[in-house]
Every structure is written in C-alpha cells, then in structure tokens.
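Below is one structure, written out as structure tokens; comments come after it.
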Amino acid sequence: MSVLTDYDRAAAVMRELLCDLTSRQYALPTPCEGWNVRRLLDHLVYGQLWTDTVLNGEPPPDPSPGHPSTDPVAAFDAAVAHTRALLAADGVLERVTPTPYGELTGTVIARMRIHEFLAHGWDLARATGRPTDLEPELAEAALRQLRARMARRPRDPGRFAPEQPAPPTATAADQLAAFLGRRIA
C-alpha cells in the first residue's frame with residue numbers, strides 16, 4: 001500500500017474516534033502525562049499545521065496550546081485535508097525537506113503523521129473507554145518503523161517515555177502504545 005493510503009486509513013481511525021466525542025469528555029485525562037482529551041485534539045491539529053509549514057519550506061509554527069476551533073472534528077478534517085493535498089502534490093513524497101529533526105523525505109514526514117494518528121488514537125480510545133485495537137496492519141508497520149528509527153537514535157525523553165511491558169498476546173496497537181511509553185495494563 002502507498003503511504004498516502006496509509007495516511008488516509010490512519011486519519012479515518014482518528015476521525016471515527018473524534019466523531020464519538022462529546023464536549024464533556026474534553027477534560028478527561030489521557031495516557032499522555034499532563035494532557036487531557038482537548039489538549040490531545042489541539043496537538044493533532046497542530047501536527048498537521050507543522051507538516052504543512054515544513055513541507056512548504058517554512059519554519060514550524062509555535063506549538064503553544066490553544067483551542068483552534070469550537071468544533072474539533074471540523075478543525076481536524078480541514079487540517080487533514082490540507083495536509084493530504086500537500087502530500088499528494090507531485091514530488092513531495094520524494095523531496096528531502098529540512099525539519100527540526102534533520103532532513104527528511106515527504107514519505108518519512110507522512111509516516112510521522114500516521115504514527116501520531118495511531119499513537120494518539122490509542123490514547124483517545126483509552127481515555128474514552130473505546131476499544132484500542134486500531135488498524136492492526138498499520139500498527140504493526142508503525143511499530144516496526146519506530147523500532148528501527150529509535151534503534152538508530154536515542155529516545156527523546158521530552159517526546160517518548162521509556163518502553164513499557166506488553167504481554168505477548170497484546171494487540172499490535174497495544175504493543176505500539178507500550179513501545180511509546182504507555183502503560184497498557
């Protein structure tokens with residue numbers, strides 16, 4: 001499958017979780033330490049904005065928390081549609097782009113978004129009592145890709161907590177969450 005198809009699938013998982021949210025759930029804590037559901041939603045929209053500016057050769061925007069919209073689903077949809085269009089433009093996936101993490105291809109940047117949708121989709125599902133077995137094939141691929149990437153460079157403690165144990169019977173999404181520092185038990 002193509003990275004754009006995977007991006008679409010991962011975004012659809014996140015959107016489905018978002019559509020079931022109520023504003024009363026915004027204050028619920030998530031497995032991301034110090035983040036509630038609303039902060040997580042803002043972060044997801046910011047991630048798309050970050051991608052857009054980096055792909056356009058601009059410096060990333062300030063990640064200051066805020067509430068960009070009273071309708072997080074609409075904000076997410078708009079951000080994802082814009083990012084998807086940029087990623088689909090001729091040559092973007094192959095082009096090497098300077099980022100705060102070094103020079104990355106558009107494909108690697110798209111995978112970062114996929115990983116984020118899956119990781120934070122797991123966080124959102126856990127926070128709201130939904131099933132966490134999200135897109136097993138994508139979660140397995142994300143886990144392989146992140147293991148390989150993190151084997152080459154140490155974990156950034158500000159971004160990733162130490163890996164947590166996962167039972168051998170854990171789903172791919174649970175294994176991914178544990179690898180990224182979430183307690184799944």
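Structure notes:
- Look at D174, D133, D52 and count the other Cβ atoms within 10 Å of each Cβ; fewest to most, that gives D133, D52, D174.
- Per-peptide average of other Cβ atoms within 10 Å, ordering 10-23, 89-102 highest first: 10-23, 89-102
- Recomputing Rg and Dmax of the Cα atoms in Å from the coordinates shown identifies the correct label among (1) 23.0, 69; (2) 15.7, 44; (3) 19.1, 64 as (2).
- Taking Cα centre as origin and charging only the Cβ of basic (Lys, Arg, +1) and acidic (Asp, Glu, -1) residues, the dipole magnitude of the chain rounds to 540 debye.
Here, each number is a calculation from the coordinates, and none is a lab measurement. Note that the structure is a prediction, hence the values are computed from the model and not measured. With ideal geometry, Cβ positions are generated from the backbone for all residues, glycine too; neighbour counts draw on all protein chains shown.
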